[in-house]
Amino acid sequence: MGLNNFTITKERALPIFILADTSGSMSGEKIQAVNKAISDMITTLRNVDDIRGVFKVSIVTFGGDEVVVQQLPTDVHTVQFSELTAVGRTPMGEAITKVTKLIEDREIVKSSDYLPTVVLLSDGYPTDYSGIKDASLEQYLEWGPIKLMHEGERSKKCMRVAMSVGAETDLTMLRAFLNNGTEPMMATDADDIAKLFKWVTMSTISRMSSVNPDDVKSFLKFDDDEDEDVIE
């Protein structure tokens, strides 16, 4: 067989999108814990051997009056992570819309890539939701950004994980984001944030090492140290 009969196959990517709430209420210990957790995740993923492809990390923040794509999906070995700061409002809907469009863009998430993992972390309410205060699950499911994600050809199939940081989070909104039979994971302090990001990291590694990384439902179960199911 001649050399011309060989083809070079690029490794398939598993993109991880982190939607991080950087509004003013996340300042102090919470944003510091998120920064450390993301940094630790990147370090751990860089050191994984013998997997089916490559991890790519994307970080999208929502705080103040804008959504910022801090990082498009980038190979974990070359991704540059700059610490996040917290300020202003919570444009969560705009962030969800932005990530959905990134996932649906085949120039950014290739057709050959595995289904992305999308992690939404927040400690409050979306300030860009114009509906009724204390909206129901059904009302949130009809909200434009949520509908866009759940109806997207590829975004609706993603592995979605939601983290609540503190007692003031809009859990109904997070449940609408998930809409997959799971519950938001709950963090009350910096240790919990680290624990939840560690679970996301290990679950992502397990997906990449599995026979079928796109069988996302198999990886939506979280057990903490006390054996309480946070995601069931």
In the set 129, 125, which member is touching a Phe, Trp or Tyr at 6+ places or on another chain (Cβ under 8 Å) and not hydrophobic (A, V, I, L, M, F, W, C)?
-> 129
How many residues does segment 26-42 hold that are over 17 Å from the mean Cα position of the chain (by Cα) and either closer than 15 Å to residue 79 by Cβ or aromatic (Phe, Trp, Tyr) (or both)?
-> 0
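Just to be sure, is residue 33 crowded, with 23+ Cβ neighbours inside 10 Å, out of contact with any Pro (no Cβ under 8 Å at 6 or more places or on another chain) and either within 29 Å of residue 209 (Cα to Cα) or modelled with pLDDT of 95 or more (or both)? Please lay out each step first, then the result.
Details: crowded, with 23+ Cβ neighbours inside 10 Å: no; out of contact with any Pro (no Cβ under 8 Å at 6 or more places or on another chain): yes; either within 29 Å of residue 209 (Cα to Cα) or modelled with pLDDT of 95 or more (or both): yes.
It is false that residue 33 is crowded, with 23+ Cβ neighbours inside 10 Å, out of contact with any Pro (no Cβ under 8 Å at 6 or more places or on another chain) and either within 29 Å of residue 209 (Cα to Cα) or modelled with pLDDT of 95 or more (or both).
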Just wondering, is there one or more residues in segment 136-150 that are among the charged types (D, E, K, R), at pLDDT below 95 and over 20 Å from residue 22 (Cβ atoms)?
-> no
Considering only segment 116-127, how many residues are crowded, with 20+ Cβ neighbours inside 10 Å and farther than 13 Å from residue 172 by Cα?
-> 6
Taking segment 40-70 only, how many residues are touching a residue at least 60 places away in the same chain (Cβ under 8 Å), crowded, with 17+ Cβ neighbours inside 10 Å and part of a helix (DSSP H, G or I)?
-> 3
Selection count, segment 149-182, where residues are hydrophobic (A, V, I, L, M, F, W, C), in a helix (DSSP H, G or I), touching a helix residue (DSSP H, G or I) at 6+ places or on another chain (Cβ under 9 Å) and farther than 19 Å from residue 214 by Cβ | 3
Of (1) assigned to a helix (DSSP H, G or I); (2) over 17 Å from residue 119 (Cβ atoms); (3) of a type in the set (Gly, Ala, Ser), residue 37 satisfies all except one. Which?
-> (2)
For residue 131, which of the numbered conditions (1) farther than 28 Å from residue 76 by Cα; (2) part of a helix (DSSP H, G or I) fails to hold?
-> (2)
Considering segment 171-207 alone, what residues qualify as being touching a Phe, Trp or Tyr at 6+ places or on another chain (Cβ under 7 Å) and aliphatic (A, V, I, L, M)?
-> 173, 176, 185
Say we look at segment 71-99 and pick out the residues that are buried (at least 16 other Cβ atoms within 10 Å of the Cβ) and over 17 Å from the mean Cα position of the chain (by Cα); which of these is nearest to residue 29 (Cα to Cα)?
-> 86
For residue 212, which of the numbered conditions (1) at pLDDT below 95; (2) surrounded by fewer than 22 Cβ atoms within 10 Å (Cβ to Cβ); (3) under 16 Å from the mean Cα position of the chain (by Cα) fails to hold?
-> (3)
Give the residue that is modelled with the highest pLDDT, with candidates limited to residues of segment 183-209 that are among the hydroxyl-bearing types (Ser, Thr, Tyr) and part of a helix (DSSP H, G or I).
-> 201
Hey, could you check segment 71-111 for residues that are in a strand (DSSP E or B) and within 20 Å of residue 160 (Cβ to Cβ) and say which is modelled with the lowest pLDDT?
-> 71
If you go through segment 141-153 one residue at a time, do you hit one that is loosely packed, with under 15 Cβ neighbours inside 10 Å and touching a Ser or Thr at 6+ places or on another chain (Cβ under 6 Å)?
-> no
The correct count of residues that are closer than 26 Å to residue 157 by Cα, among the hydroxyl-bearing types (Ser, Thr, Tyr) and either assigned to a loop (DSSP other than H, G, I, E, B) or touching a Pro at 6+ places or on another chain (Cβ under 7 Å) (or both) in segment 112-128 is 3
Which pairs have Cβ atoms under 9 Å, sit 6 or more apart or on different chains, and link a residue in segment 94-107 that is within 12 Å of residue 73 (Cβ to Cβ) to one that is in a helix (DSSP H, G or I) and not hydroxyl-bearing (Ser, Thr, Tyr)?
-> 99/149; 103/149
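The values are calculated or read from the model by the stated rules, or taken from the named source; none is laboratory data. As the structure is a computational prediction, the values presented were derived from the model and not from experiment. Reconstructed Cβ throughout: ideal geometry from the backbone, glycine too, with neighbour counts over all protein chains shown.
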